[in-house]
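Asks: One structure coming up, written as structure tokens, with questions to follow.
The values are calculated or read from the model by the stated rules, or taken from the named source; none is laboratory data. Nothing here was measured: the structure is a model prediction, and the numbers come from that model. Positions of Cβ are backbone-derived with ideal geometry, glycine not excepted, and every protein chain shown enters the neighbour counts. Accessible surface is based on the protein model in full, side chains and every heavy atom, while ligands, DNA and RNA are left aside. Shrake-Rupley method; radii C 1.70, N 1.55, O 1.52, S 1.80 Å.
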Amino acid sequence: MKKILIVLSLATVLCFSSANIVHAERPYQNISDSFFTGLESGDYSKFEPYLSNEMKEAFDEEKFDSFRNDLFSKYGQLDNYQFVKEDSVKQDQVEYTRAYYDVSFEKAVVTLRLVFRETNSGYELAGIWTTNVKGKGGGWGSVILSNLPTLAFSIIGAVLALLLFYYLLRFEEIKIVEILIGIFLAVVTIIVQPNIQNIPFLVLGIKSNSEIIARGIVFTILSIIYLGFVAGIFQEGIRYPLARKKAVKTAAFIGLGFGLGEAIIIPILGLMQAGAPLTSLPFQWSFLNLTERFLVTAFHGCTTAIMAYAYKNGWGLKALAGLILAHGGIDTIAVYYQLAGSQLVLALTLITAAIIAVGLLYYVLKRMREDRQQETEKMIEEE
């Protein structure tokens, strides 16, 4: 009898152990392993067969390469990964399993959420996105130090635009108060604008770029236009009331301050949210970052100056509408780049911004000369 009890006890322990083993082996684990193998090696084919039809369209090989390059350029080589937790969510009558993995890179631990959907033939991968980034070692001092080149190139680009205006204004005084006003408006924009842009997507339950793309080309195009023109309307609209009664050359500094504020605040916010290095860019990419900030800051300076001139001459609202159209067009292309990750689209964005900025700058300088001439004539008449 004693031997029988021992055998039964052992059998019970083995049964529970087997049950635990089966439970621990998640049914989608082979897909996760394939994805991380592909992520480490850069081989899209490792996990492509497991992608849902929507993901194959939204996360094709080009977008995978862009996603992978972004992670590896920011955080270094992939060391290992481990499962953290899972939960489930129901959307459009479909049950999804969300698995969270901590992926250890050289410089940070990145939490990726993989979303799985069960089908008749097994599980398929229906979503991938980053949910958290935690820096490794060195504390904030190390993080900030590692980001100094990126932050510096961004700020230098904006400062060069400011110095260009300073030179073109014949080395007249820099309007410090107006620059501070512009920086304040940039802070307000960075806080408020994204919330406005996100409203329709929150209502529709959309939480990632891939979900936008998965809804089809028409929805994607409408989303891109919406995001681009909300930025144009908000950013031009918030500067117009403060710029319209200023002198042309004074109003320009509000826009320049706005661009300088973006160049400083946006990288710092990215650093604070990630808690890890923003990026480790080669020189040519850092130079592109500098160029982009230079063009954007010059664009903001020109548009704000034009608002002041137009209001003074009785067509302020028409100018505002035209500037919103130009701004919205540039940002629409920029949003498309964020979704598509195409280097061709990035080049098109910079070229478009450069052409518009140069055209506006020429127009602004012409108006400034007119203002200067009018001031001179007025002084002569008074004498």
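Asks: Picking from 45, 34, which residue would you name as being assigned by the TED database to the domain that holds residue 130, within 21 Å of residue 120 (Cβ to Cβ) and part of a helix (DSSP H, G or I)?
Replies: When all the criteria are applied, what remains is 34.
Asks: Can you run down the residue pairs with Cβ atoms below 9 Å, 6 or more apart or on separate chains, where the first is in region 48-70 and in contact (Cβ under 8 Å) with a residue 60 or more places away in the chain and the partner is open to solvent by 70 Å² or more (accessible area, probe 1.4 Å) and outside any helix (DSSP H, G or I)?
Replies: Here the result reads 54/215, each pair linking region 48-70 to a residue that is open to solvent by 70 Å² or more (accessible area, probe 1.4 Å) and outside any helix (DSSP H, G or I).
Asks: For the structure I just gave you, tell me whether residue 40 is part of a helix (DSSP H, G or I), at pLDDT 90 or above and outside the structural domain of residue 216 (by the TED database).
Replies: yes
Asks: Which residue out of 336, 309 is farther than 10 Å from residue 360 by Cβ and more than 23 Å from the chain's Cα centre (by Cα)?
Replies: On the way: 336 fails: more than 23 Å from the chain's Cα centre (by Cα).
None of the others qualify; the one that does is 309.
Asks: Filter the helices (runs of 4 or more DSSP H) completely within region 155-258 down to those with at least 1 residues that are free of Cβ contacts under 8 Å to residues at least 40 places away in the same chain and not charged (D, E, K, R).
Replies: Output list reads 176-203, 217-243.
Asks: Something else: Considering 162, 71, 148, which residue is at pLDDT 85 or above and either in the same structural domain as residue 55 (by the TED database) or open to solvent by 50 Å² or more (accessible area, probe 1.4 Å) (or both)?
Replies: Working: 162 fails: either in the same structural domain as residue 55 (by the TED database) or open to solvent by 50 Å² or more (accessible area, probe 1.4 Å) (or both); 148 fails: at pLDDT 85 or above.
When all the criteria are applied, what remains is 71.
Asks: Identify all residues within region 54-99 that are more than 21 Å from the chain's Cα centre (by Cα) and farther than 20 Å from residue 31 by Cβ; write none if there are none.
Replies: Those that are more than 21 Å from the chain's Cα centre (by Cα) and farther than 20 Å from residue 31 by Cβ: 77, 79, 90, 92, 93.
Asks: Would you be able to tell me the number of residues in region 220-239 that are among the hydrophobic types (A, V, I, L, M, F, W, C) and open to solvent by 50 Å² or more (accessible area, probe 1.4 Å)? Walk me through it before giving the result.
Replies: First, pick out the residues of region 220-239 that are among the hydrophobic types (A, V, I, L, M, F, W, C): 221-222, 224-225, 227, 229-231, 233-234, 238.
Within this subset, residues satisfying the condition of being open to solvent by 50 Å² or more (accessible area, probe 1.4 Å) are 221-222, 225, 229, 233.
Within region 220-239, residues that are among the hydrophobic types (A, V, I, L, M, F, W, C) and open to solvent by 50 Å² or more (accessible area, probe 1.4 Å) number 5.
Asks: Can you tell me which residues in region 315-365 are closer than 24 Å to residue 65 by Cβ, touching a residue at least 40 places away in the same chain (Cβ under 8 Å) and open to solvent by 60 Å² or more (accessible area, probe 1.4 Å)?
Replies: Those that are closer than 24 Å to residue 65 by Cβ, touching a residue at least 40 places away in the same chain (Cβ under 8 Å) and open to solvent by 60 Å² or more (accessible area, probe 1.4 Å): 336, 338.
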